[in-house]
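Here, each number is a calculation from the coordinates, and none is a lab measurement. Being a predicted model, the structure only gives us computed values, none of them experimental. Here Cβ is always computed from backbone atoms with ideal geometry, including for glycine, and neighbour counts include all displayed protein chains.
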């Protein structure tokens, strides 16, 4: 606005001078009655020249007023650093002040936009990091999935290579079969998919058999058993089946996996064995009949009896062999070395251990009876003492003792030096304790183990508060297979071999065995052995 005022004032001034000069000159000419056109023209030209010069000077002045602020504005703009924007300042009139304000507003908006872009850039970097992290996680999961898929494929390959596999739904419809199943059943996969599993029914099993099978798996449990099936051409085969339910997200059975193996040959062999057994039984009866009349047959039967004893010895040894790893694994499980177990599992392992020990002891008794009959039972006499012997017995037999609610007393055991077979003495005491455990009351049952000396002998005794033994039965107790009460034996268990073995061991060690009992007032079994002081002194 100031520039406009400068132009206006300059123009008015020039025209005022020109008008004043012209008026003055005309008036002077009129007053002097001098009218010279030529002179007037020159005068007017001079006036206009002066006025033009004044206008040029004014224009030059105004242009300076305009160009100087513009140069300052251009310089300020050129001095602006794109990396460090800041407002500019131009000293000028209000016209350039407006341009300055507008430019500074533009710079402010640029600064705000740059800040916004920086914020967006930061967010993009953060999102990029998150995406890269997610990509890494997805990549790891894919790698794990590949490994898991590979392992599952290997497992499936191993399973398909070793077993027959079939999958059925809850209606019994076949959803999958592997090549081994197709090969065994003589059906193609296309012929089986969509069919009911009863297509294999041979008619051997009853409806109750299949009903029990379906009830078991439909309740979420695993079913195991031997099943006779029929092939496409009508031939029969046997498989040992394990049916395992697979559950949906709600925990209900959705499909059932059937895994089995062809046991047709085994079943045929079992049938042949049964036929042989029936034949053996028949022949045995024939021999028994002939034995009554023929002495020659009696000799043959005696020979067969000896062979039977040898066979028994061999078989008991074969039965004993697998018990060792069973007991070892049971001990490992009970010690929780292989992993933590709950109370129910520990009780189950304890049951396995206890019953395995009982079976092992029974087999040992059978072997020892046989060895005693053949006078082949050996003894390893060494220097030992009574306290260590009893402590070792209790430690090794703690599983059985802890499995019962009976109170076991064994305090104040004297440390008496001995020269004997400590393992055989422990075997005798174990037989005494096992018998006591079977006949003491379940509530308030008590068993006491004592060690005492008398003259040159040491006496190990086991006393219980059980049902007691009559005097008549006490005379027969140490005979092989003798049972004081067969009904009690069936109730409590026992083979009738233990005490006969204990007697044989006691006699083999140069001692004696005995019992003291009153009916309904408990019993005391004892073994009395020489201390062998001279041998101990020499050692």
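Taking the Cβ-Cβ separation of residue 148 and residue 443 as r and a Förster radius of 51 Å, what is the calculated FRET efficiency to the nearest 0.05?
It comes to 0.40.
Which of rounded, prolate or oblate describes segment 209-290 when judged by the alpha-carbon gyration tensor and an a/c cut-off of 1.5?
Working: a/c = 4.36, a/b = 2.55, b/c = 1.71.
It comes out prolate by the Cα gyration axes.
Grab the beta carbon distance between residue 310 and residue 255, set R0 = 60 Å, and tell me the FRET efficiency rounded to 0.05.
0.70
Just subtract the alpha-carbon distance of residue 224 and residue 269 from 0.36 nm times their residue separation and send over the number in nm, one decimal. It would help to have the intermediate numbers written out before the result.
Details: separation 45, 0.36 × 45 = 16.20 nm, distance 2.09 nm.
Value of the extension gain: 14.1 nm.
How many nm is it between the label spots at residue 472 and residue 343, if each spot is 7 Å from the Cα in line with the beta carbon?
For residue 472 paired with residue 343, the spin-label model returns 4.7 nm.
Using a Förster distance of 56 angstrom, determine the FRET efficiency expected from the C-beta separation of residue 115 and residue 56, and round it to 0.05. Before the final figure, lay out each step's value.
Values: r = 51 Å, r/R0 = 0.91.
Efficiency, rounded to the nearest 0.05: 0.65.
Calculate, in nm to one decimal, what residue 235 and residue 201 gain on full extension: separation in residues at 0.36 nm each, minus their alpha carbon distance.
Separation in residues times 0.36 nm, less the Cα-Cα distance, equals 11.1 nm.
Sorted by mean Cβ packing within 10 Å, highest first, what order do the peptides 263-271, 455-463 take?
For the peptides 263-271, 455-463, the packing ranking is 455-463, 263-271.
Would you mind ranking 393, 287, 509 by Cβ crowding within 10 Å, fewest neighbours first?
287, 509, 393
Return the distance in nm (one decimal) between the two label points of a simple spin-label model at residue 283 and residue 402, each offset 7 Å from Cα along Cα→Cβ.
Going from the residue 283 label point to the residue 402 one covers 5.0 nm.
Sticking with the crude label model, points 7 Å out along Cα→Cβ, report the distance from residue 173 to residue 188 in nm, one decimal please.
2.1
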